[in-house]
1. Search the structure for amide H atoms under 5 Å from the amide H of residue 2, placed 1.01 Å from N in the peptide plane, and list their residues when 5 or more places away or on another chain.
2. Around residue 174, under 11 Å between beta carbons, what's the net of Lys plus Arg minus Asp minus Glu among the other residues?
3. Any idea which of 135, 209, 157 is furthest toward the positive side of the dipole for the chain, if Lys and Arg beta-carbons carry +1 and Asp and Glu beta-carbons -1?
4. Which residues' amide hydrogens lie under 5 Å from the amide hydrogen of residue 74, considering only partners 5 or more residues apart or on another chain, with H built in the peptide plane?
5. Starting at the first residue of region 54-59, write each ³J(HN,Hα) from the Karplus equation 6.51 cos²θ - 1.76 cosθ + 1.60 with θ = phi - 60°, in whole Hz, x for Gly and Pro.
6. To the nearest 500 deg cm²/dmol, what mean residue ellipticity at 222 nm is calculated for the chain from DSSP H runs of n ≥ 4 alone, each contributing -39,500 (n - 2.57), summed and divided by the residues?
7. Using a 1.4 Å probe and ignoring any ligands, DNA or RNA, find the accessible area of residue 177 and quote it in Å² to the nearest 10.
8. In region 118-194, with Lys and Arg counted as +1 and Asp and Glu as -1 at Cβ, which of these residues, 169, 147, 124, has the Cα nearest the positive end of the dipole, that is, farthest along it?
Amino acid sequence: MINLEKNNINLLIDFDSTIIQTETIEEIVNIALKKNPDREHILKKISDLTNKAMNGEIDFPEALEKRLELLNSNRKHIKETTNLLKNKLSLSIKKNEDFIKSISNRCFIISGGFKEVIYPIVKQFNIKYENVYANEFIYQNNNIVSINKTNELSNNLGKVLIAKNIPGNNIIIGDGYTDYEVKKEKAAIKFIQYAENINRKKLNKHADIIAFNFNEIIDFINNLTL
C-alpha cells in the first residue's frame, strides 16, 4: 500500500452516512420525539432538509438552522443517541477497524454533525480528539438552544476552511455535496464519494471514485499515483 506518511496523504472523512449508517440529527429526533404524535411528520421534514443540503440544493447553514428549529432535545437525548450510534457503524468501516487504527494519525473527521456525538464513536479507531472537526451544541438548563456559530462548520464552505488548514495531499471521503466542495475548492486532491449507505446520484459525476465499501477506498489509495 502507498505509504500515507511518506506521501503526506491525509484522509478527511465525513461522519453521517459514512462512518455510520445513518444521519445523527435524524436519530436525535427519533429519540427526542419518541412520544410526540407528530414525530413522523417532523422526521420527514428533517430528512428532506438533509437530502437537499447533501445534494447541494440548499445551503448547509440554512438546512442546519431549520433542522435545529425542529429539534427539541437535551443532554440526555444526545447521550442516548451516541450510545445508539456506536452500534450503527458502517459495516465495512467496522470490518476495517484494525486498518483504520494503523493509519489513524493520518485520519481527520470533518463533519457538519456534532463533536459531542462523534468523538466517543471514532475514538475506538484511535482517532485523536484534535483530529475531529464538527459542530458544537449550546445548552441552556441542559436543553439544546443553538450551536456555536463561530465554528467554521456551521457556515458555508466550512469543510473547505478546515481542510485548507490541514497541510498535505488531502483525500476527502464522504456522501454529500459539502464533501465534494472540498475538492472543488482545491483543499483536496481527490473526492471519494462514499456510497455504502446512500448513493446520492447527483454527485456521481463529481467523484474520482464511487466507493461502495471501505475496501474500495483502500484499493484506490493503493493504486494512487501522485
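The values are calculated or read from the model by the stated rules, or taken from the named source; none is laboratory data. Just so you know, these numbers come straight off a predicted model, no measurement behind them. Reconstructed Cβ throughout: ideal geometry from the backbone, glycine too, with neighbour counts over all protein chains shown. For accessibility, only protein heavy atoms count, side chains too; no ligands or nucleic acids. Shrake-Rupley method; radii C 1.70, N 1.55, O 1.52, S 1.80 Å.
1. Hits under the 5 Å cutoff: 222.
2. Details: positive: 159, 183, 200; negative: 14, 16, 175, 179, 181.
Taking every Cβ under 11 Å from that of residue 174, the sum is -2.
3. The residue sitting most towards the positive pole is 135.
4. 144
5. Couplings: 5, 8, x, 7, 9, 5 Hz.
6. Numbers: 10 runs with 90 residues, N = 226.
Taking each H run of at least 4 residues, the total per residue is -11000 deg cm²/dmol.
7. Spelled out: residue 177, probe radius 1.4 Å, area about 50 Å².
8. My answer, from the dipole projection, is 169.
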